[in-house]
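Trainee: One structure is given below, represented as structure tokens, and several questions about it will come after.
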């Protein structure tokens, strides 16, 4: 509970900062987006049951600390989608996260321009539409959820004025936080060319996970404190042992065999995550073109 309260105290501080001129507003927008991303990851561990002792307490903390104030889907819905549907089937055709990537255009045959836009999908018109549509669907049928979301918006306004509301809440929630969460999704798995293995959970996940910044401590630390917080940088270790609390994941990683892809960058370079995803989609498109001829 104190962990979640601490995140919201930082957010309130950014709301105050937003009222102090353009630079304060820019800093607040970036800072609050990062805090929203942290809240998402804390609640992610809650649905795995490692934030508190009981399942009910985990769900209450996730709901009060993140889902209700930020307009996320109900905790049970997220748990079902993530724990039951995603984890056992990561990178497979039934994985809901893979469907989300496909809806953004990440599919075989994608053009370079379309691929570049897909990498920043939450900032595109279609991505913003998805965010607003999802938020509306989470709020409108549930007056209590809409009231909680509105109360947070009002608190931002009362704390930091119009700048607090716009730069400290709306821009982070609708644009910047979705972008950080999207980057995290891209860097979780080798989505389009995973090696489907058998064996222990660690051996299976080593074929479909990746480990970003394995040799660059500065970039790893920056990612772990901003867009890959609370163990998300160690997503491979989390996938192998999803019931383990985030603060143990770095130590666990030392006892696991390395995943088959350990990129040095998210976007830039021949071994970056973005370059690998694009190559995989290009190969799939080429293979799809040759399949009809082979059948004939």
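Trainee: Hey, what angle do you get for helix 273-295 against the long axis of the chain, alpha-carbon based, 0 to 90 degrees rounded to 10?
Mentor: Between the helix axis and the principal axis of the chain, the angle is about 40 degrees.
Trainee: Separate question: So if I restrict to the alpha-carbon atoms in the stretch 1-123, what is the Rg, and what is Dmax, the biggest pairwise distance, in Å?
Mentor: 17.6, 49
Trainee: Ok, one more. Take residue 221 and residue 287, extend 7 Å from each Cα along the Cα→Cβ direction, and tell me the distance between the two endpoints in nm.
Mentor: 4.1 nm
Trainee: For residue 196 and residue 133, calculate 0.36 nm times their separation in residues minus their Cα-Cα distance, and state this gained length in nm to one decimal.
Mentor: That pair, residue 196 and residue 133, stretches by 19.3 nm at full extension.
Trainee: Kindly provide the helix-only [θ] at 222 nm of the chain, computed as the sum of -39,500 (n - 2.57) over DSSP H runs of four or more divided by all residues, to the nearest 500 deg cm²/dmol? Could you put the intermediate results ahead of the total?
Mentor: Working: 14 runs with 170 residues, N = 296.
Here the helix-only value at 222 nm equals -18000 deg cm²/dmol.
Trainee: Still on this model: Helix 143-165 versus the longest principal axis of the chain: what angle, 0 to 90°, nearest 10, using Cα atoms?
Mentor: Approximately 70 degrees, to the nearest 10.
Trainee: With labels modelled as points extended 7 Å from the Cα through the Cβ direction, what inter-label distance (nm, one decimal) is found for residue 268 paired with residue 5?
Mentor: 4.3 nm
Trainee: To the nearest 0.05, what FRET efficiency results for residue 279 and residue 87 with a Förster distance of 30 Å applied to their C-beta separation?
Mentor: Values: r = 26 Å, r/R0 = 0.87.
Efficiency, rounded to the nearest 0.05: 0.70.
Trainee: Give me the angle, in degrees from 0 to 90, between the Cα long axis of helix 125-139 and the longest principal axis of the Cα atoms of the chain, rounded to the nearest 10.
Mentor: 60 degrees
Trainee: Also: Give me the Kirkwood hydrodynamic radius of the chain in Å, from all C-alpha pairs, to one decimal place? Write down the numbers at each step before the final one.
Mentor: Numbers: mean 1/r = 0.0496 Å⁻¹.
When all Cα pairs of the chain are included, the Kirkwood radius is 20.2 Å.
Read the figures in this text as sums done on the coordinates, not as results from a lab. For clarity, every value in this text was computed on a predicted model and none was experimentally measured. Glycine gets a Cβ as well: all are built from the backbone with ideal geometry, and neighbour counts include every protein chain shown.
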